[in-house]
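The values are calculated or read from the model by the stated rules, or taken from the named source; none is laboratory data. Remember, predicted model here, so these are calculated numbers, not experimental data. Quick reminder, even Gly has a Cβ in these numbers, built from the backbone with ideal geometry, and neighbours come from all protein chains shown. Quick note on the areas: whole protein, heavy atoms, side chains included, nothing else; ligands and nucleic acids left out. Shrake-Rupley method; radii C 1.70, N 1.55, O 1.52, S 1.80 Å.
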Amino acid sequence: MTRQPSSMESFGVCIISLILLLMLTKNLSSNALGDSIKDEEGLKEDQNEMENSLSNNDEMRGMKDDDWQMVQKKGNQFVVNDKPFYVNGFNTYWLMVFAADESTRGKVTEVFKQASSVGMTVCRTWAFNDGQWRALQKSPSVYDEEVFKALDFVVSEAKKYKIRLILSLANNWEAYGGKAQYVKWGNAAGLNLTSDDDFFSHPTLRSYYKAHVKTVLNRVNTFTNITYKEDPTIFAWELMNEPRCTSDPTGDKLQDWIQEMAFHVKKIDPKHLVEVGVEGFYGPSTPQRTQLNPNTYATQVGTDFIRNHLVLGVDFASVHMYPDSWISQQIADTHIPFVKSWMEAHIEDAERYLGMPVVFAEFGVSSKDPGYNSSYRDTVISTVYSTILNSTKKGGSGAGSLLWQFFPDGTDNMDDGYAIVLSKSPSTSSIIQLQSTRLALFNSLCNTKCNWGCKKKKLLEEILYHDEL
């Protein structure tokens, strides 16, 4: 039986063809570029080396089975096997719920297959569903085994397509239960709780959350027989999706919770990376930075970007970007400069004060926004990607980004306005694939020992930033 090339292999052929074409273009125009003979000889040597390293696409993306190791942090970079691991990824939050039903499980495979076809390597999704329809956790420490098996399937399927997962462990919002569900459970147990923010402070609710963390991290995958805390498919644990504690604008209550929970996760699982899940708003500890917030309310939600990420056990920073929610729903030219300045400020802070990578873990544009059009969305995505690349080429803290959100065909009922369906968005698909190609080159051709001073750097810059690209 003739073996058909996989989507991963097809992606690799496209990358190699693109690079070889660019090399040819570069050589034909070397006089116009003013390269010296000495530089040209050095670049030719590097081209040969690069062609060899790209002869196997799995190797280029760090995807050989032998190389499927834990993602680690080294300074302000992610690394796998001592090579940089810059991220071009996506969010699809509902994977576990879809995997719990045989009629929709195939959509999980489609998500990973399509994402892999454009070179994306990381997916952020929920490892929680508390007290809701198809709940994972039906009540404190009581789980639906079939839904847990669905999460097992998500993890095992991600590995098949060489996609790593950021698994979020709880929600600030009521969707999928959230902190409100924990408060309901507490009141049902006889507690007298009056605020959803009691989730962060009441010892009983803290114990509920910690028990959930322990259960998930110690879970043995029924498809792979690998314990979650030992599985390199899991990129990182996220403490909570977009935690806010508006009852305490000082940030002390949330900070205390982050400190306790980051330590708790690391005590159970010291191998995986941990991130908080905040949106990136500046708080009272850095009054000189609050002017960068999208609005005055952002200073009052109890989060504090730099302070939150100085906690022991937190490995990298997370930032979200929604100018259409934070500034104005109407599409406006002011949104693009905000995205750029928001990113640059957080990259700078991650480098100067935190010494860690920063991932822009959610960003997108809603098709429901007044004035929306797909070309504007492409402009926003391109702005995010170019800002990441500007950091990448300097070895900076800008470690990657995750689109909100990525959908396969036939899931329109789940669309919140932000869905990106590749088959319906060819221009967006091309932008995503180009970013994946560029980051894959960095991941493949330099390692941390180079400190970006290796001779390959010039070749990388010419290929990745050449006008003809």
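Kindly establish whether residue 260 is at pLDDT 95 or above, open to solvent by less than 20 Å² (accessible area, probe 1.4 Å), out of contact with any Leu (no Cβ under 9 Å at 6 or more places or on another chain) and not polar (S, T, N, Q).
Considered against the rule, which asks whether it is at pLDDT 95 or above, open to solvent by less than 20 Å² (accessible area, probe 1.4 Å), out of contact with any Leu (no Cβ under 9 Å at 6 or more places or on another chain) and not polar (S, T, N, Q), residue 260 comes out as no.
Could you please let me know if residue 315 is open to solvent by 10 Å² or more (accessible area, probe 1.4 Å), over 23 Å from residue 366 (Cβ atoms) and of a type in the set (Asp, Glu)? Give the derivation first.
Details: open to solvent by 10 Å² or more (accessible area, probe 1.4 Å): yes; over 23 Å from residue 366 (Cβ atoms): yes; of a type in the set (Asp, Glu): yes.
Yes: the conditions hold for residue 315.
Quick test of your reading of the structure: residue 150 fulfils all but one of (1) open to solvent by 10 Å² or more (accessible area, probe 1.4 Å); (2) at pLDDT 95 or above. Name the failing condition by number.
For residue 150, the exception is condition (1).
Is it true that residue 96 is aliphatic (A, V, I, L, M) and either assigned to a loop (DSSP other than H, G, I, E, B) or open to solvent by 10 Å² or more (accessible area, probe 1.4 Å) (or both)? Break it down stepwise before answering.
Working: aliphatic (A, V, I, L, M): yes; either assigned to a loop (DSSP other than H, G, I, E, B) or open to solvent by 10 Å² or more (accessible area, probe 1.4 Å) (or both): no.
No; evaluated as a whole, the condition is false for this residue.
For segment 105-123, what are the residues that are open to solvent by 10 Å² or more (accessible area, probe 1.4 Å), out of contact with any Ser or Thr (no Cβ under 8 Å at 6 or more places or on another chain) and among the β-branched types (Val, Ile, Thr)?
The one that is open to solvent by 10 Å² or more (accessible area, probe 1.4 Å), out of contact with any Ser or Thr (no Cβ under 8 Å at 6 or more places or on another chain) and among the β-branched types (Val, Ile, Thr): 109.
In the list 198, 231, 252, which residue meets the criterion of being without any contact (Cβ under 8 Å) to a residue 40 or more places away in the chain, buried (at least 17 other Cβ atoms within 10 Å of the Cβ) and not hydrophobic (A, V, I, L, M, F, W, C)?
Values: 231 fails: without any contact (Cβ under 8 Å) to a residue 40 or more places away in the chain; 252 fails: buried (at least 17 other Cβ atoms within 10 Å of the Cβ).
Unique residue meeting the criteria: 198.
Under the condition of being among the polar types (S, T, N, Q) and more than 19 Å from the chain's Cα centre (by Cα), which residue from segment 303-332 is modelled with the highest pLDDT?
The first filter runs over segment 303-332 and keeps only residues among the polar types (S, T, N, Q), leaving 303, 308, 318, 325, 328-330.
Cutting the leftovers down to more than 19 Å from the chain's Cα centre (by Cα) gives us 303, 325, 328-330.
Numbers: 303: 98, 325: 95, 328: 94, 329: 93, 330: 94.
Among residues in segment 303-332 that are among the polar types (S, T, N, Q) and more than 19 Å from the chain's Cα centre (by Cα), the one modelled with the highest pLDDT is 303.
Kindly list, by first and then second residue, each pair from a residue in segment 370-388 that is on the phi < 0 side of the Ramachandran plot to a residue that is among the charged types (D, E, K, R) and in a helix (DSSP H, G or I), limited to pairs with Cβ atoms under 8 Å and residues at least 6 apart or on different chains.
These pairs meet every condition: 383/340; 387/340; 387/344.
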